[in-house]
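Input: a single structure, listed below in structure tokens.
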Amino acid sequence: METRVRIFVKGIVQGVGFRPFVYNLAHSLNLQGFVMNSSRGVTIEVEGNNSSIFIEKLTKEPPPLSQIMEVDITLMPYHGYQDFQIVESSDEGSFTHISADVSICEDCLRELLDENDRRYLYPFINCTNCGPRYTITKSIPYDRPNTTMSVFTMCDKCEEEYHNPGDRRFHAQPNACPLCGPNVTLVIGHQSSVISDNPIEKTIELMKEGKIVAIKGLGGFHIACDATNDEVVKRLRERKRKSNKPFALMAPDVKTIKKFCEVSEEEEGLLISNRRPIVLLKKRQNVPLLSDEIAPNNQYLGFMLPYTPLHYLLFYCLIAKKVMSKELRVKSKTQGQNSELRTPNSEQKIPLVTNFDALVMTSGNLSEEPIVVDNDEAMSKLSYLVDAFLIHNREIFMRVDDAVVRTTQYSSPSFIRRARGYVPAAISLHEEGPDVLGCGADIKNTFTLTKGSFAIPGQHIGDMENYETLMFFEESLRNLKDVYRVKPVALAYDLHPMYLSTQWAVKQEGIEKIGIQHHYAHIASVMAEKGMKDKVIGVSFDGTGYGTNGNLWGGEFLIADIKGFKRAGHFRYIPLPGGEMAVKEPWRTAISYIYDIAGDEVMQYLESISFVERYGDERINDILKIIDKKQFSPLSSGAGRLFDAVSAILCLCDKNTFEGEAAIALESITMPDIMDDYPVDIKFREPIEVDFSHTVLRIIDDLLNGEDKGIISSKFHNTVATVVFRVAQKLSSLHKIDDVALSGGVFQNMYLLDTTITQLNSIGMKTYINEKVPSNDAGISLGQAYIIRERIKATNKKP
């Protein structure tokens with residue numbers, strides 16, 4: 001007797017060509033039935049003799065952009081379908097996973113540069129295998145009416161492609177062409193000159209002339225200029241309010257990037273992946289082409305490849321128009337490599353040279369505000385930064401910044417910023433659980449929702465320092481709650497009473513609210529990724545987090561599980577003169593460390609390292625007057641502040657113009673194969689206290705004796721790693737725990753992370769780090785959500 005098979009597929013199966021794939025597979029096997037998007041995923045019904053083959057191919061050979069997480073198969077009574085169809089989507093009140101935005105595919109890139117193609121040089125070319133997804137999705141199911149493309153009515157040719165099962169654009173929701181889709185316009189000055197004819201060519205000319213242009217992209221605006229023009233990069237640095245924060249770079253291909261940076265096979269894989277993140281790469285020595293102003297005092301550059309058609313046109317448009325002719329055709333090699341022109345009857349390759357070796361592509365926003373997405377807002381807020389605006393009329397519904405990653409021997413990618421290309425992808429929590437919300441911290445804020453067996457971290461929000469960022473937080477939260485159908489029964493927030501995220505959380509009504517200590521949440525973020533619930537030794541190093549005793553913590557050793565934590569050890573407290581000012585000016589913290597060691601002889605030490613000469617008697621005496629007054633100088637055990645102080649003592653960086661600048665400068669001069677370290681005092685009674693007084697004294701001695709600063713930095717890093725090793729070993733012996741979780745922004749220091757893990761592994765300890773979210777404060781919300789979710793689950797299980 002013939003039967004019907006109903007197949008329900010969960011995962012990333014919308015906006016990735018899944019329905020066209022199912023349609024064509026069913027037709028190839030002569031099956032009847034239907035496929036349908038729903039708010040839960042994709043529902044398929046098939047009838048015919050080859051249903052078992054269909055299921056096997058469905059699960060083993062799905063579309064490349066899809067990610068199947070669950071397949072439910074049910075045998076049903078025979079229905080008698082006459083053909084196989086894609087039927088209208090349904091909304092069942094549940095949720096499905098939303099695809100992240102995808103970089104332009106090889107086929108579309110080839111068509112983009114083919115003058116015989118109807119989408120030749122069209123900056124919004126896309127297909128089922130590439131293009132915008134999350135940034136244009138207003139609601140689910142993922143169909144054109146639910147996206148910002150709904151305002152563009154497809155022309156006859158696009159409509160035909162959209163409904164043709166054999167076409168690459170079959171049910172491609174953003175499908176468009178120059179006749180019916182979005183378009184770009186160049187505005188020079190503040191609406192003084194609007195150029196609609198050849199705006200991309202004119203933009204290229206402007207940047208070649210040394211102009212700065214705001215370019216509307218996939219998830220927001222970039223500020224762009226020629227990265228090899230030192231004068232214009234300096235001008236941009238000045239306009240960005242003198243912050244030394246590194247500028248992101250875009251190059252046309254991997255070959256070009258290799259002129260500037262060392263690129264491993266793993267790093268190349270990340271660069272050319274369809275997620276197209278910014279990848280942190282080690283600078284080559286003595287590369288004169290790029291401006292030094294791009295990443296001052298930093299041994300890494302952040303490079304990405306073009307990921308939209310518009311980006312490729314900025315590199316190739318003028319060149320393509322000059323060299324294209326009817327007897328030449330475009331042949332594109334694999335994504336991320338040089339494009340080539342080749343004559344039809346010859347194997348001779350003609351390199352398609354580019355307009356630029358590299359462009360600065362930094363986020364288009366005011367300091368500490370969200371990335372700008374609206375054309376009018378861009379002209380209002382960014383006019384002081386740029387000379388022109390390259391805008392388009394496709395609305396960005398969800399703003400998303402570029403993701404920033406690096407490779408390590410332990411995780412690839414290792415996230416610095418989890419954003420475009422990776423959000424809103426869910427993280428498995430292995431078991432079903434209640435809906436909850438983690439509100440995150442204030443620096444590098446993200447939030448995390450949970451639904452079913454998944455955590456859904458939101459995109460990078462930024463620093464919660466103003467009303468605009470709070471609005472972005474609420475806008476993103478509202479969107480993901482709607483899309484994923486999340487109804488939180490509880491929320492978690494940071495204990496710091498002055499955090500904007502905390503103040504927002506405690507004002508929410510009709511929901512259980514739970515405060516979670518900052519460093520405990522860091523460790524819990526690692527536990528969430530690994531599905532850990534039992535006790536671990538947590539080493540949480542960052543700059544600042546509010547402690548349960550009202551002091552500022554940051555060099556913490558915890559014994560933690562989902563029930564709670566015990567503070568088993570910490571760095572010795574040091575006053576931060578001026579509080580927040582000491583975070584911005586590390587030389588203040590250096591004075592505090594030296595005063596703690598030298599007491600009344602502090603000025604003698606400060607004179608020896610030229611602090612008196614650099615900062616003056618009056619400023620230093622003002623600092624000394626407030627060091628012992630807690631209301632002006634809060635106590636801190638922060639590891640990040642220790643790194644700041646050492647950086648200032650070595651005259652590397654005495655002002656943090658962005659978070660972590662001094663520590664980055666210190667890491668940037670470390671040297672390989674330095675095994676020595678400095679003395680340090682560890683008082684092994686719980687809570688264990690680590691005193692770096694002797695370390696700082698020996699650093700000063702080495703400096704005065706003319707020791708190479710790179711050697712001093714390496715020895716200091718080795719000292720911190722040795723402290724982790726010794727304290728973890730002691731706690732393991734006391735508590736019979738072998739699992740160690742490392743988290744916090746300080747562990748984004750690769751030298752420290754590698755040295756620490758090597759030492760811990762040498763005695764058989766199992767070391768765990770963040771792999772799916774950043775170890776900085778962007779991972780806090782995952783830890784918060786995991787703790788309250790698991791606690792609610794445990795409470796509900798009790799009789």
Q.
For Lys507, what accessible surface area do you get with a 1.4 Å probe? Give it in Å², rounded to 10.
A. 150 Å²
Q) What does the accessible area of Ile200 come to, in Å² to the nearest 10, when a probe of 1.4 Å is used? A) 10 Å²
Q: Once you have all Cα-Cα distances for the range 1-159, histogram them in 5 Å bins from zero and send the whole-percent values.
A: 2, 9, 16, 19, 18, 15, 11, 7, 3, 1, 0, 0
(Q) Suppose all protein chains stay in the model; what accessible area per residue would a 1.4 Å probe give for the chain, in Å²? (A) 39 Å²
Q. Rounded, prolate or oblate: which fits the range 456-579 when a ≥ b ≥ c are the square roots of the eigenvalues of the alpha-carbon gyration tensor, with rounded for a/c under 1.5 and prolate only if a/b beats b/c?
A. oblate
Q: Label the range 25-79 by shape, choosing from rounded, prolate and oblate, from the square roots a ≥ b ≥ c of the eigenvalues of the Cα gyration tensor; if a/c is under 1.5 it is rounded, and otherwise prolate applies when a/b is larger than b/c, oblate when it is not.
A: oblate
Q. Using the Cβ atoms and a cut-off under 14 Å, what net charge is assigned to the surroundings of Ser66, where Lys and Arg are +1 and Asp and Glu are -1?
A. +3
(Q) Given the options Val489, Tyr78, Val646, identify the residue whose Cα lies farthest towards the positive end of the charge dipole of the chain (+1 on Cβ of Lys, Arg; -1 on Cβ of Asp, Glu). (A) Tyr78
Q. What nm value, rounded to one decimal, do you get for the distance between Asp534 and Glu474 when each label is placed 7 Å out toward the C-beta?
A. 4.5 nm
Q | Distance from the range 608-686 to the range 287-315 (C-alpha centre basis), Å | A | 31 Å
Q) How big is the gap, in Å, between the Cα center of the range 56-87 and the Cα center of the range 432-474? A) 34 Å
Q.
Is there a quick way to get the dipole size of the range 570-664? I mean about its Cα centre, with the Cβ of Lys and Arg at +1 and of Asp and Glu at -1; what is the value in debye to the nearest 20?
A. 300 debye
Q. Between Asp691 and Ser762, 0.36 nm times their residue separation minus their Cα-Cα distance comes to what?
A. 23.1 nm
Q. Can you give the FRET efficiency for Tyr410 and Met69, using 1/(1 + (r/R0)^6), R0 = 25 Å, r = Cβ-Cβ distance, to the nearest 0.05?
A. 0.50
**Q.** the range 59-138: mean projected area of Cα convex hull, nm²
**A.** 8.8 nm²
Q. When the dipole is taken about the Cα centre of the chain, and only Lys, Arg (+1) and Asp, Glu (-1) are charged at their Cβ, what size is it in debye, to the nearest 20?
A. 1000 debye
Q.
How far apart, in nanometres, would the label points at Glu601 and Glu160 be if each is projected 7 angstrom from Cα along the Cα-to-Cβ direction?
A. 9.0 nm
(Q) Please list, short to long, the whole-number percent of alpha-carbon pairs of the range 179-254 in consecutive 5 angstrom bins beginning at zero. (A) 3, 13, 21, 26, 18, 12, 5, 2, 1
Q. Which of the peptides 229-239, 44-54, 273-283 is most tightly packed, and how do the rest follow, going by the mean number of other Cβ atoms within 10 Å of each residue?
A. 273-283, 44-54, 229-239
Q) Sequence-distant or interchain residues sharing an amide H contact under 5 Å with Thr147, placed H: which? A) Lys138
Q.
At 1.4 Å probe size, put Glu293, Glu667 in order of accessible surface, largest to smallest.
A. Glu293, Glu667
Q) Measuring from centroid to centroid over Cα atoms, what is the spacing of the range 507-525 and the range 186-262 in Å? A) 40 Å
Q: Assuming a ≥ b ≥ c are the square roots of the Cα gyration tensor eigenvalues, decide whether the range 630-711 counts as rounded (a/c under 1.5), prolate (otherwise, with a/b larger than b/c) or oblate.
A: oblate
Q) Normalised by the number of residues in the chain, what is the relative contact order in percent for Cα pairs under 8 Å and 6+ residues apart? A) 11 percent
Q) Using a 1.4 Å probe, how large is the accessible area of Trp587, given in Å² and rounded to the nearest 10? A) 10 Å²
Q: Calculate, for Asp738 and Glu512, the FRET efficiency according to 1/(1 + (r/R0)^6) with r their C-beta to C-beta distance and R0 35 Å; round to the nearest 0.05.
A: 0.50
**Q.** Separation of the Leu289 and Met581 label points, Cα + 7 Å toward Cβ, nm
**A.** 4.6 nm
**Q.** Of all accessible heavy-atom area on the chain, the percent that carbon and sulfur account for (1.4 Å)
**A.** 47 percent
(Q) For Cα pairs less than 8 Å apart in space and 6+ apart in sequence, what is the mean separation divided by the residue count of the range 1-120, i.e. the relative contact order in percent? (A) 38 percent
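The values are calculated or read from the model by the stated rules, or taken from the named source; none is laboratory data. Source: prediction; values computed, not measured. Positions of Cβ are generated from backbone atoms using ideal geometry, with glycine treated the same way; all protein chains shown enter the neighbour counts. SASA here: full protein model, heavy atoms, side chains in, ligands and nucleic acids out. Shrake-Rupley method; radii C 1.70, N 1.55, O 1.52, S 1.80 Å.
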